[in-house]
Amino acid sequence: MKHAILSLAALALLGACTRIETGEVGLRIDASKQVQGAELQPGSWNQTLIGSVLTFPVRDIKIDINDKTPMTADNSALADMDVTVVYGLNPSSVSDLWTRQSRSFHAYENGDWFLMSNYMGTIAGNAVYKSVREFKALEVNDKRAVIEERVKQYINDTLHAEKLDTSLAVTLVQVRNIKPAQSIIDSANAVVRAENELREKEAQVQIAKKEAERMAALANNSDKSIAYMNAQANLMIAEGIRNGKVNAIIVPADFKGMVNISK
C-alpha cells in the first residue's frame, strides 16, 4: 500500500513538471506572476505545482510576410510580394526580452511564446518596402538576391539602433514571390513589339532605298542597259532556235543579217 502511494505521488509529481525541449528556453513564473530565477535550460525538468513555466523557442523562428505591394523606383506598386524571414534569439536574453519589452511584440502559438515575433514582422515589412524602392518594377525579379541582402541589412541596422542586436539576429531572408503590376508587364510587351516593328520597317526602307539606287543606275546608263538587254534577248532567241523551240521569226524591214532556215 505504501509503495502504491509513493508511485502515485511520483506520477503526480511527474505530471506537474515541464521539460524544456532542445531549441527552446524556459522561464519560471511564481505565484505572484513574477519571473523567478534565470532561464531554464534545454533538457531540464521543472515543477509546475507552484507557479508555472513558460517556454520560448530561441532558434529558427519563421515570419511570413505575405501579400505586400511595395512601391518600386519607377513609382509602380507591385501586384504581390511574399517574403520569409528567419531569426534567432540569444538564450541568455530571454528573461530580459520578456520582462522589458511590450507583450504586443510577442506572439503566442501552440503553447509557446515567440519572443519579438510581432516586432520582427513589423520591421521586416518596413525593410521590404525600403529595399524594393531601390529598383524598377521590371528589375525586381532579377534582383531577388540583392533585395534579400538589403532586407537583412535593414533589419539588422534597426536592431542595432534599438540596441537589440545582441539579443536578436536574422539568419535568413527569402523572397518567395515577386509579381509586377500587369499594366507594367503589358507596357513592356508593347515596347518590345514596337521595337520589333521599327526594325522591320527600317529593313523595308533599306530594301526600297537599294532598289531605287538600282533603278537610278539603270536610268543613268540607259544606252548600255538597252544594248545589254538586246544582246540578252538575241542570245535567248539563238538558244531557242538551236534547241528547236522556235518555229517562226519576225524579221524587221531593215534586217541585214543572215538567217539559216533548215529543211
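No lab work stands behind these numbers, since they all come straight from the coordinates. The model shown is predicted, which means the values in this text are computed figures rather than measured ones. For neighbour counting, all protein chains shown are included, and Cβ atoms are generated from backbone atoms with ideal geometry for every residue, glycine included.
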**Prompt:** Can you run phi through the Karplus equation (6.51, -1.76, 1.60; θ = phi - 60°) for segment 88-94 and list ³J(HN,Hα) in whole Hz, with x for Gly and Pro?
**Reply:** x, 10, 6, x, 6, 9, 4
**Request:** Would you kindly calculate the mean projected area, averaged across all directions, of the convex hull enclosing the Cα atoms of segment 60-128, in square nanometres?
**Result:** 5.6 nm²
**Asked** What nm distance separates the two modelled labels at Asn230 and His160, each placed 7 Å from Cα along Cα→Cβ?
**Response** 9.3 nm
**Item:** Other-chain or far-sequence residues with amide H under 5 Å of Leu172's (modelled H)
**Value:** Val86
**Prompt:** In sequence order, what are the phi-derived ³J(HN,Hα) couplings for segment 131-140 according to the Karplus relation 6.51 cos²θ - 1.76 cosθ + 1.60 with θ = phi - 60°, rounded to whole Hz, with x for glycine and proline?
**Reply:** 5, 5, 4, 7, 10, 6, 4, 7, 9, 4
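Roughly how big is segment 95-190's charge dipole about its Cα centre, with Cβ charges of +1 (Lys, Arg) and -1 (Asp, Glu), in debye to the nearest 20? Show your work: numbers first, answer last.
On the way: 12 positive and 12 negative charges, 34 e Å.
In total the dipole reaches around 160 debye.
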